[in-house]
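Read the structure below first, then the notes.
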Amino acid sequence: MKSLVNDQYKRGKQPLTGSKSGPDTEELRKANEELKIKNKKLAEKLALQKLEVDKIKNSESQYKSLLNNTSAFVILDNELQIEESSAGAMALHKGLETGKDLLKCFRFQEEKQFLDAFGLALQGQKPPIQFIAYKTAKTANRDKFLIQLDTLKPGFLVAVFIQKLAADLQFDLTKLSWLATKTHNGVIITDANGSIEWVNNGYCQITGYKTEECIGEKPFYLSKDFSYAGFDKRILQMISAGKKFTGETVSYKKNGTIYWLHLDVSPVFNESEELINYVIIETDITDKKETEEKLLSSAKRSINILESITDAMFIINSEWKFTYLNKQAEILLNEKKENLLGKKIWDELAFSQSSKMREQFHQAFNKKIDIHFEEYIEPSQQWFEVHGYVSTEGLSIYLRSIQSRKISEEKLRDKNEELVKINNELDNFVYRAAHDLRAPLASVLGLINISKIENDQTKKNEYLDKMTDCINKLDNFINKIIHYSRNSRLVVNYEKLDFNKIFEEIFTHLQYFEGADNITKELVIDDQTPFYSDPVRIKDALQNLLVNAVQYQKTYVDDQFIKISVETSYSKAKIVVQDNGNGIHDDHKDKVFKMFYRASEQSNGSGLGLYIVKEIIKKLGGTIKLSTQLKKGSTFTIEIPNGR
């Protein structure tokens with residue numbers, strides 16, 4: 001074995017000149033003795049070195065197994081001289097002969113780094129990196145090799161493993177190593193079994209491990225025994241199949257902390273399509289995951305809030321498709337969210353076709369503005385207040401029922417209308433009442449004054465009869481005012497009605513009216529079903545109708561009649577009053593139910609009768625209809641709900 005030691009040994013054996021005695025001779029003798037001792041030590045060291053080489057050569061477990069291995073490798077001494085070459089190495093590079101200097105056979109891209117790594121290998125440390133080298137022959141630019149160093153015997157022998165790379169292989173370990181030192185991401189190079197051969201500083205900073213602690217070990221996520229909630233088992237499946245993997249998983253730091261990482265695992269193959277390495281790039285995404293977890297937690301809280309609110313809420317994207325609905329929206333729309341998600345609102349919800357809703361939704365998207373309007377939605381038959389808010393997710397729609405408010409507004413509107421009506425009626429009432437009260441009184445006073453100066457008793461009796469008529473008229477008017485006041489003021493008092501008794505009392509009252517005896521009265525009552533309502537109001541309404549029928553009969557015909565029919569059921573009572581009197585002209589038909597309205601100038605009534613009838617029926621929740629023809633008569637049809 002050639003070494004620096006041999007050169008020193010040769011220089012030490014040069015012949016001495018002369019053999020003089022004396023001080024000089026003594027000094028020379030001493031120097032000679034020292035040189036002999038040194039030469040002896042060097043010889044012993046050389047013998048020991050040769051013995052170690054022989055031991056290695058005779059070792060079945062090391063040297064012979066290497067030589068018999070089909071892989072390409074050479075054995076170097078401590079001066080980079082080739083001691084042995086395997087058949088595989090010779091097949092790759094015929095210049096790798098015994099005794100050759102490795103630097104004469106290969107041109108390294110980073111020769112200084114290679115020599116530093118060789119020094120580490122001599123010291124027994126496995127270099128953490130592989131090197132790219134080219135043949136020094138003319139084919140240097142075409143043949144590329146991957147060189148890996150390993151210690152065979154510290155201080156003596158180094159094994160060099162050689163792999164030929166494909167000419168078009170884009171993966172360059174040297175460049176990757178240089179780039180890996182410039183990134184904060186973790187970069188790992190493993191062998192085909194997943195054992196770490198090299199890591200960058202970024203990986204050490206992320207995990208807390210030192211480089212020497214990583215070499216030869218496997219990352220946690222490449223261990224079959226590793227198990228954690230966030231572990232993606234596809235990694236092992238993909239790696240085992242020699243496939244690229246990209247995804248997220250978890251691993252342990254040196255202090256036992258779990259951290260999240262994004263992995264890019266790329267297999268590396270040689271020219272023979274044999275898997276030789278994995279290159280793994282780790283990106284610590286723990287902060288990102290924590291942020292995502294916070295966002296997810298916030299989103300869950302938001303969804304819980306949206307699911308618990310009483311407003312119906314849904315989201316549609318820019319394509320008008322549902323992306324979210326809460327429980328109240330399902331109830332309102334009467335549809336499961338699964339049947340609506342991903343579908344267009346215009347195709348699924350009929351009420352969305354309203355011109356207002358389409359206009360508002362388009363305006364929100366086109367102008368990027370929030371919207372607010374009210375809409376009546378058919379499925380629920382309710383009024384809703386609609387709010388829309390534009391965001392990156394689309395248009396968020398909130399629907400809040402305002403049915404109670406609408407009902408209150410309607411009631412308030414009705415009350416206001418009623419107050420306006422009452423005020424108008426009150427003004428009219430005061431004026432007409434004053435007139436209708438004063439007119440009979442003025443007539444009575446006039447008749448009294450005439451009677452005072454009249455001596456003829458017959459004439460005085462006539463004046464008294466006329467006074468009686470005026471007083472009766474006044475009494476009738478006051479009764480109508482009482483009926484009107486009672487209907488407006490008192491609550492409805494429901495009792496079981498006896499229609500026979502009611503009409504008996506009314507007919508008794510009618511007999512004192514002029515011409516009542518000449519009218520035929522027909523009464524048909526079918527009240528087998530008990531009917532409940534306010535007996536006082538029912539009597540007042542029917543009495544006013546029949547008084548009108550008597551007062552406006554045709555006195556010049558013989559067959560005057562009033563026909564009355566009553567039919568009760570569980571839901572209502574239907575009462576029909578028909579006469580063949582004067583009837584009402586079409587011009588007045590829609591006005592006869594107004595206060596103080598007289599359909600004829602010849603009418604001597606108060607104009608309150610039919611108005612009071614209508615107000616009573618309305619108070620009882622019923623309806624009244626008039627069918628009339630001038631000179632032929634009138635028919636009033638009343639329907640009143642059963643208050644049982």
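The values are calculated or read from the model by the stated rules, or taken from the named source; none is laboratory data. What you see is a predicted model, and the numbers here were worked out from it, not measured in a lab. Using ideal geometry, Cβ is built from the backbone for each residue, glycine included, and neighbour counts are taken over all protein chains shown. Surface areas here come from the heavy atoms of the whole protein model, side chains and all, with no ligands, DNA or RNA. Shrake-Rupley method; radii C 1.70, N 1.55, O 1.52, S 1.80 Å.
Output the residues belonging to the stretch 610-630 that are in contact (Cβ under 8 Å) with a residue 60 or more places away in the chain and open to solvent by 70 Å² or more (accessible area, probe 1.4 Å). The answer is Lys619, and nothing else. When Ile285 is tested against the conditions (1) open to solvent by 40 Å² or more (accessible area, probe 1.4 Å); (2) of a type in the set (Val, Ile, Thr); (3) touching a strand residue (DSSP E or B) at 6+ places or on another chain (Cβ under 7 Å), the lone failure is (1).
Listed by first and then second residue, the pairs linking a residue in the stretch 287-311 that is over 21 Å from His387 (Cβ atoms) to a residue that is modelled with pLDDT of 75 or more, with Cβ atoms under 7 Å apart and 6 or more places separating them unless they lie on different chains, are Lys289/Trp260.
Every residue, every condition in (1) closer than 21 Å to Ser391 by Cα; (2) touching a residue at least 12 places away in the same chain (Cβ under 8 Å), yes or no:
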position	(1), (2)
Asn326	yes, yes
Ser355	no, no
Gln363	yes, no
Ile369	yes, yes
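Sort out which residues of the stretch 336-384 are touching a Leu at 6+ places or on another chain (Cβ under 9 Å) and within 20 Å of Glu409 (Cβ to Cβ), and write them in order of number. Once the filter is applied, which keeps residues that are touching a Leu at 6+ places or on another chain (Cβ under 9 Å) and within 20 Å of Glu409 (Cβ to Cβ), the stretch 336-384 yields Glu375, Ile377, Ser380, Gln382, Phe384.
State yes or no: is Ser308 over 19 Å from Ile371 (Cβ atoms) and modelled with pLDDT under 85? Walk me through how you get there before you give the answer.
Numbers: over 19 Å from Ile371 (Cβ atoms): yes; modelled with pLDDT under 85: yes.
So Ser308 fits the description; yes.
Tell me which residues, restricted to the stretch 248-279, are of a type outside the set (A, V, I, L, M) and open to solvent by less than 10 Å² (accessible area, probe 1.4 Å). Please lay out each step first, then the result.
Taking the stretch 248-279 first, the residues of a type outside the set (A, V, I, L, M) are 248-249, 251-257, 259-260, 262, 264, 266-267, 269-274, 277-278.
Residues satisfying the conditions are Thr249, Ser251, Tyr259, Asn277, Tyr278.
Screening Asp225 with (1) under 16 Å from Leu263 (Cα atoms); (2) modelled with pLDDT under 75; (3) open to solvent by 20 Å² or more (accessible area, probe 1.4 Å) gives one miss only, at (1). Of all the criteria given as (1) open to solvent by 50 Å² or more (accessible area, probe 1.4 Å); (2) farther than 18 Å from Tyr203 by Cβ; (3) assigned to a strand (DSSP E or B), the one not satisfied by Lys294 is (3). Just wondering, is there one or more residues in the stretch 125-139 that are at pLDDT 85 or above and open to solvent by 30 Å² or more (accessible area, probe 1.4 Å)? No; the residues of the stretch 125-139 include none that is at pLDDT 85 or above and open to solvent by 30 Å² or more (accessible area, probe 1.4 Å). Given the structure, is Gln360 modelled with pLDDT of 85 or more, open to solvent by less than 70 Å² (accessible area, probe 1.4 Å) and in a helix (DSSP H, G or I)? Criteria met by Gln360. Taking Tyr431, is it among the aromatic types (Phe, Trp, Tyr), part of a strand (DSSP E or B) and at pLDDT below 85? No: the conditions fail for Tyr431. Across the stretch 153-166, the qualifying residues are those that are surrounded by 19 or more Cβ atoms within 10 Å (Cβ to Cβ) and hydrophobic (A, V, I, L, M, F, W, C), and the one among them that is modelled with the lowest pLDDT is Leu165. For the stretch 228-247, a residue qualifies if it is at pLDDT 60 or above, more than 18 Å from Ser195 (Cα to Cα) and surrounded by 13 or more Cβ atoms within 10 Å (Cβ to Cβ), and exactly one does: Gly247.
Looking across the stretch 528-557 at every residue that is over 60 Å from the mean Cα position of the chain (by Cα) and among the aromatic types (Phe, Trp, Tyr), the one that is nearest to Thr628 (Cα to Cα) is identified as Tyr552.
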